[in-house]
1. Convert each backbone phi in the range 31-39 into a coupling constant with the Karplus relation 6.51 cos²θ - 1.76 cosθ + 1.60 (shift: θ = phi - 60°), then list the ³J(HN,Hα) values in order as whole Hz, x for Gly and Pro.
2. Note down the nm distance, to one decimal, between modelled labels 7 Å out along Cα→Cβ at K66 and at E132.
3. Rounded, prolate or oblate: which fits the range 14-71 when a ≥ b ≥ c are the square roots of the eigenvalues of the alpha-carbon gyration tensor, with rounded for a/c under 1.5 and prolate only if a/b beats b/c?
4. Quick check on the range 27-117: take the gyration tensor over C-alpha atoms, sort the square-rooted eigenvalues as a ≥ b ≥ c, and tell me if it's rounded (a/c under 1.5), prolate or oblate.
5. Sorted by mean Cβ packing within 10 Å, highest first, what order do the peptides 135-141, 114-120 take?
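Please treat every number below as a calculation from the coordinates, not as lab data. Quantities reported herein were computed from a predicted structural model and do not represent experimental measurements. Cβ: placed from backbone, ideal geometry, glycine included. Neighbour counts: every protein chain shown.
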Amino acid sequence: MTTGAPTPTYPARPRRSRMRTFLPLGLAAWLVLEIWLLTVVAGAASGLAVFLLLVAGFVLGSVVIKRAGRRAFQNLNEALQRGGAPSSSGSSGNGLMMLGGLLLMIPGLISDAVGLLLLIPPVQKAIGRYAERTFDRKLREAAPGTLGDAFQQARMQRPDGKVVQGEVIVRDEPGDDTPQEPRPPLTR
């Protein structure tokens, strides 16, 4: 029996992105490969050698992260003393150095190899350029109302980063120059 009311139609379930599908599988495969490689090296050399490799990777990774963090803090401090924004030329590679140090700290030989690759300056520059191009392309392709669109609008506001504080006064009548009540300053 129908009452004449339309049957509700539910929107189609959004399609899952490839990244959300394959990232867990990739992480599981990477974990299995790391464990397998550690057991192969432990069988060929000894368990003590593998343990020393893992400890050396952890120590080297912590030193790299500490050094990159100090360098980033020093660049920020110098920029604040100058009164401007940190220069991109001075801080290039700090994030990738920290990522390389983190990969060195993670137990495993493949992550150590990738972490050591990220410490090489030409590799850092190439990956940095690629990441910047990809990020800019994704921002240009962002649909209105998405997070990428918000980033794009934030970047378009003022490239010099200057903030001009002011107060908006709306006059209802052209001859009325006296404000009715004091208005609080605009803050953001």
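1. After applying 6.51 cos²θ - 1.76 cosθ + 1.60, I find 5, 5, 5, 4, 5, 4, 5, 5, 5 Hz.
2. 3.1 nm
3. Verdict is oblate for the range 14-71.
4. The shape class here is prolate.
5. Result, highest mean first: 114-120, 135-141.
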